[in-house]
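Everything on this sheet refers to the single structure shown next.
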Amino acid sequence: MFLKHKPTGDLVEVLTLSEMYNPCQNMIQGRFHAGEEMQDPEDFPKEDLMFPSGESLPQCWLDPAYLQHLPSPSAMRGSSRPSGIAML
């Protein structure tokens with residue numbers, strides 16, 4: 001997986017996908033893809049990474065308590081969510 005490093009705009013190859021998906025891990029191991037030679041692995045804070053499209057990383061990858069920040073099912077009953085989307 002490749003992500004964009006916010007401070008530099010360079011691509012970072014994520015070497016530890018399990019750390020990427022784990023919201024309890026604040027750092028991931030990756031390497032820059034810049035220049036002609038393969039770069040050495042280094043640690044990157046997740047907060048410094050985003051998708052190459054500019055989209056932020058999902059909260060469930062960053063915040064261990066992300067479920068507590070979701071609206072309650074009763075609050076969503078009156079919302080205009082598309083039909084067919086299951087509630088948790």
So what J values fall out for segment 12-23 if you push phi through Karplus, 6.51 cos²θ - 1.76 cosθ + 1.60 with θ = phi - 60°, rounded to Hz, Gly and Pro as x? 10, 7, 7, 9, 10, 4, 4, 6, 5, 7, 8, x
Per-residue ³J(HN,Hα) for segment 48-64, Karplus 6.51 cos²θ - 1.76 cosθ + 1.60, θ = phi - 60°, Hz, x for Gly and Pro: 8, 10, 8, 5, x, 6, x, 6, 5, 5, x, 4, 5, 8, 10, 10, x
Sorted by chain and then number, the residues having a modelled amide H within less than 5 Å of the amide H of Ile28, at least 5 places away or on another chain, are Phe44, Lys46
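Each reported figure results from applying straightforward, stated rules to the coordinates on display, with no laboratory input. Just so you know, these numbers come straight off a predicted model, no measurement behind them.
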